[in-house]
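The values are calculated or read from the model by the stated rules, or taken from the named source; none is laboratory data. All figures in this text were calculated on a predicted structure; none of them were measured in a lab. Note that each Cβ is placed from the backbone with ideal geometry, even for glycine, and that neighbours are counted across all protein chains shown. Ligands, DNA and RNA are stripped out before the accessible areas are found, and what is left, the full protein with its side chains, is counted by its heavy atoms. Shrake-Rupley method; radii C 1.70, N 1.55, O 1.52, S 1.80 Å.
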Amino acid sequence: MSKITVANLKVGERGLIEQVAIEHIPLNLLEMGCLPGKEVELIQVAPFNDPLYIRVNGSHLAIRRDVAAKIQIIKL
Amino acid sequence: MSKAKILKIALVGNPNTGKTSLFNQLTGLKQNVGNYPGITVDRKEGFFNLNATTPASIIDLPGTYSINPTTLDENIVLETLLNPNESEYPDVVVMVADAENLKRNLLLFSQLKDLEIPIILAINMADQMKRKGISIDIDALKADLDTEVVLISARKKIGIETLKKLILDYKNISTKALDGLSIKVDEEFFGALQKTYPNKSLYQAWLTITQFHNLKHLSISEKEAAQEFLNCHNKVKHLQHKETILRYQLINNILKKDYKVDRLKGTDMRAKLDKVLMHRVFGYVIFFLILFVIFQSIFDWAIYPMDFIERMFLQLSNWTEAQLSPGVFTSLIVNGIIPGLGGIAIFIPQIAILFLFIAILEETGYMSRVVFLMDKIMRLFGLSGKSVVPLMSGTACAIPAIMAARNINSWKERLITILVTPFITCSARLPIYAIIIALIIPNERIFGVLSLQATILMLLYLVGFLSAIISAFILDKTLKIKKHSFFIVEMPNYKLPSPKNVAYAVIEKTKAFIFGAGKIILALSMVLWFLASNGPAKFKNAEQIVIQNNPELNQSSKTFSKKLGSYKLQHSYIGYMGHAIEPIIKPLGYDWKIGIALITSFAAREVFVGTLATIYSVENEGDTETIRERMKMEINTETGKPLFDFPTGMSLLLYYVFAMQCMSTLAVVKRETNSWKWPALQLFFMTGIAYLVSFLTYTFLS
């Protein structure tokens, strides 16, 4: 069974963060509020499919796809 | 009583919260940008009076989302606030927070609060709260956060006086940490930590342990102790994770009762603008249009102030010469210092205009969108979306450009950006290109439309850009540096730029160029002056020799003095240096005279044209047309044909496209990378490529 991550979201879709791969994610992103239990929305995807523009914890952030793939979610 | 002690304030806050607006509001023009000792980050300090008897100094610490740093700039916040023994350590911290995203801002607040320093929370953009449907119960927030809270609007000057009063009263602010947060994370771990560091507060000890590699003030034994402690408890990242969750729990509980937002009132301007500005087609079209306007202004509008500055310095030089009695001292001022200063001042218009545009783009929030659009493309070449600003700035001057690379989080991407930026055609190359192109390329039109000369100039820019991109690609594949993809860019709200902030940003960058590059250009032009105005026997007897060789000339005539100047330069130390390198540069099609110009233009490229003017003893040095005519007449002693023919001209043009002909850039690279290794590599490779390409060009063309 493959896990669903932020990288699997389509533009406009939302998810609830279930788990983050702490070792692979910069502390800074956790501190921005990318934490379990928070809602995340994919707002836009850059041309060539990367980076991703997300809204989480009231912040609008651009992160790269490889990091997004480390944030496990439940689709809403 | 002696004069009142200066109250020290540190300004802290997330990026894009209006921290700098508040700083500008409080200090006005009484601010200066320096460097922190030993590192490269700009240190912004300002002064103002809190009341009639209390002067205050305020440092604008770099914007950060957390006390745990991810870039060099952010590290300053940690260093400054964690070391009470340091002179920078503030009496009171003012944290600026954005009313719209208070939750995230409070994370940093909660960390700062735990450092047990008096802290005032200034919630900014109070004027926009109503429109955005936000209401905050300030009194409740004060009680819950156990500190002073004030609503301000830095742009509209609301709440500034209240803030000043609170600062004056800083001794009454509670310095208690928030609610035993650290202990809740892991009792056992933090218990052991407190035992190891009995003299530090718990949070200070925790930061010391987790960030010891970033803390310069720790001794080696202290660092070893920290490492040892970590070795026994290797779960730091998990603890940091848990700490962050706990902090947000606390913040959420507080905001749930003290902070209300009516979501319906939020505007959708962001979404609308994002759709257009970041569109997969229009996004790029708009960006390139903006680039076009910027370059147009740098190359077109900047010409007028540049001409003006050039004339002013020429006049100043002539005027000074007329006022002072002739001698070594006068010569130093007239031929060394004034032209040296002129060589710096001439670039100010282009640099100021470019940074004006960049400041506006950054203030509006557009620059983050460009980073987003360009990241994937740039990454193909080992760069980052954040490399766009340095590469754009490089078209004016590599020095501020390389400094702009500081906010690239990944060291590898930052290093590659620094290394390839000097390939971008900077404004100092333009005078050289202009004169040589005019000399070797006929003033014709291709298909009756395109100017041939302009096309060649454009091609040279393109070659510079392509070599930057290709070198980046090669460096990415060869540099053995572990790459972390710590790319996080906040997409701020769009807003109108504040003229004050833009003006200060332009002044700041221009100053950085003047003092960064200026010192070296000035020092080198003095060394070059010495080498050009001194020499062995023939130089000392120059006057007699020139009289002997030109008996027909009137010794007071202008022609005579120009001939003498030329003879002197040829037999000065620098003239001999030109002769010495002639065998090396001959395969490129250059003679020893060009050799002299290559050496002098190492201080700054644009010196090339001036040096040739002196060597060829051009009558009117300020007039490029006469220099060009004179260069046209120059004969290659071996072939008997014109020296500046097509092969030599092309070879020279390409030499300047690639060669690392700029001392100041090397010095800045050394400073930014903290090692001589990288500037040495640049010098060696870039000049090596330049030599090879010029050699091949000359050989094939002739």
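Assorted remarks:
- Subset of region B:511-547 (residues that are in contact with a strand residue (DSSP E or B) (Cβ under 9 Å, 6 or more places away or on another chain) and buried (at least 19 other Cβ atoms within 10 Å of the Cβ)): B:Ala512
- Count of residues meeting criterion [more than 9 Å from every other protein chain (Cβ to nearest Cβ) and among the β-branched types (Val, Ile, Thr)] in region A:31-63: 4
- Checklist (1) surrounded by fewer than 15 Cβ atoms within 10 Å (Cβ to Cβ); (2) assigned to a strand (DSSP E or B) applied to B:Met458, failing item: (2)
- Considering B:Ser410, B:Ser393, the condition of being within 14 Å of another protein chain (Cβ to nearest Cβ) and either in contact (Cβ under 8 Å) with a residue 24 or more places away in the chain or open to solvent by less than 10 Å² (accessible area, probe 1.4 Å) (or both) is satisfied by B:Ser410 alone.
Conditions tested, residue by residue: (1) buried (at least 19 other Cβ atoms within 10 Å of the Cβ); (2) without any contact (Cβ under 8 Å) to a residue 24 or more places away in the chain; (3) assigned by TED's automatic domain parsing to the domain that holds B:His238; (4) in contact with a Pro (Cβ under 9 Å, 6 or more places away or on another chain).
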| site | (1), (2), (3), (4) |
| --- | --- |
| B:Leu193 | yes, no, yes, no |
| B:Thr196 | no, no, yes, no |
| B:Lys200 | no, yes, yes, no |
| B:Ile209 | yes, no, yes, no |
| B:Lys216 | no, no, yes, no |
| B:Ile220 | no, yes, yes, no |
| B:Glu224 | no, yes, yes, no |
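- Selection within region B:471-490 - out of contact with any Lys or Arg (no Cβ under 7 Å at 6 or more places or on another chain) and touching a residue at least 40 places away in the same chain (Cβ under 8 Å): B:Ser471, B:Ala472, B:Phe473, B:Leu475, B:Asp476, B:Lys477, B:Lys482, B:His484, B:Phe486, B:Ile488, B:Val489, B:Glu490
- Candidates B:Leu250, B:Leu316, B:Leu277 - the one that is open to solvent by 60 Å² or more (accessible area, probe 1.4 Å), aliphatic (A, V, I, L, M) and at pLDDT 85 or above: B:Leu316
- Where B:Phe381 falls short, out of the listed (1) part of a helix (DSSP H, G or I); (2) within 14 Å of chain A (Cβ to nearest Cβ); (3) open to solvent by 10 Å² or more (accessible area, probe 1.4 Å): (1)
Here's the yes/no breakdown for (1) assigned by TED's automatic domain parsing to the domain that holds B:Ala613; (2) assigned to a helix (DSSP H, G or I); (3) open to solvent by 30 Å² or more (accessible area, probe 1.4 Å):
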residue	(1), (2), (3)
B:Ile436	no, yes, no
B:Asn443	no, no, yes
B:Ala454	no, yes, yes
B:Ala468	no, yes, no
B:Ser471	no, yes, no
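- Test: residue in region B:343-361 that is in a helix (DSSP H, G or I), of a type in the set (A, V, I, L, M, F, W, C) and within 14 Å of chain A (Cβ to nearest Cβ): no
- B:Lys142 falls short of the stated requirement of being out of contact with any helix residue (DSSP H, G or I) (no Cβ under 7 Å at 6 or more places or on another chain) and farther than 30 Å from B:Thr208 by Cα.
- Within region B:35-93, the set of residues being in contact with a His (Cβ under 8 Å, 6 or more places away or on another chain), within 13 Å of B:Ala10 (Cβ to Cβ) and modelled with pLDDT under 85 comprises B:Asn83, B:Glu86.
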